[in-house]
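The values are calculated or read from the model by the stated rules, or taken from the named source; none is laboratory data. Quick caveat: nothing in here was measured; it's all calculated off a predicted structure. Note that we place each Cβ from the backbone using ideal geometry, even for glycine, and neighbour counts take in every protein chain shown. Just so you know, the surface numbers come from the protein's heavy atoms only, side chains and all, with ligands and any DNA or RNA stripped out. Shrake-Rupley method; radii C 1.70, N 1.55, O 1.52, S 1.80 Å.
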Amino acid sequence: MEKIKFKTDNDEIDFYVLEQTKIGGIDYILVTDSEAGEDGDALILKNIGVPDDAESVYEIVTDELELNAVAEIFNSLLEDNEVVL
């Protein structure tokens with residue numbers, strides 16, 4: 001799994017990328033806070049930054065309709081793995 005650092009206003013957080021996809025021109029990533037084989041929390045993030053910018057800007061998907069739709073796609077992409085959303 002690829003490990004990436006996210007900068008918040010006050011801190012840096014490490015996440016591991018489980019999967020990524022693009023829907024309607026928007027990039028989404030499924031990340032977790034723990035390494036493979038460990039239980040952890042998963043989040044779906046979407047890129048809200050400027051396309052083709054060197055640094056991406058991600059926010060947590062909170063809209064229930066959008067979250068359910070993207071989670072369904074990630075579930076189908078990960079159906080061979082032991083990831084449950």
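If I take every Cα pair under 8 Å that is 6 or more residues apart in the chain, average their sequence separation and divide by the length, what percent do I get for the relative contact order?
Values: 124 pairs, mean separation 15.2, N = 85.
This gives 18 percent for the chain.
Rounded, prolate or oblate, given the Cα gyration tensor of the chain, with a/c below 1.5 counting as rounded?
Details: a/c = 1.70, a/b = 1.13, b/c = 1.51.
In terms of gyration-tensor shape, oblate.
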If I compute solvent accessible area with a 1.4 Å probe over the protein chains, what percent of it on the chain is carbon and sulfur?
44
Might you report the magnitude of the Cβ-based charge dipole of the chain about its Cα centre, with Lys and Arg at +1 and Asp and Glu at -1, to the nearest 20 debye?
260
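Taking the Cβ-Cβ separation of GLU12 and ASN75 as r and a Förster radius of 35 Å, what is the calculated FRET efficiency to the nearest 0.05? Write down the numbers at each step before the final one.
On the way: r = 29 Å, r/R0 = 0.83.
Using R0 = 35 Å, I get an efficiency of 0.75.
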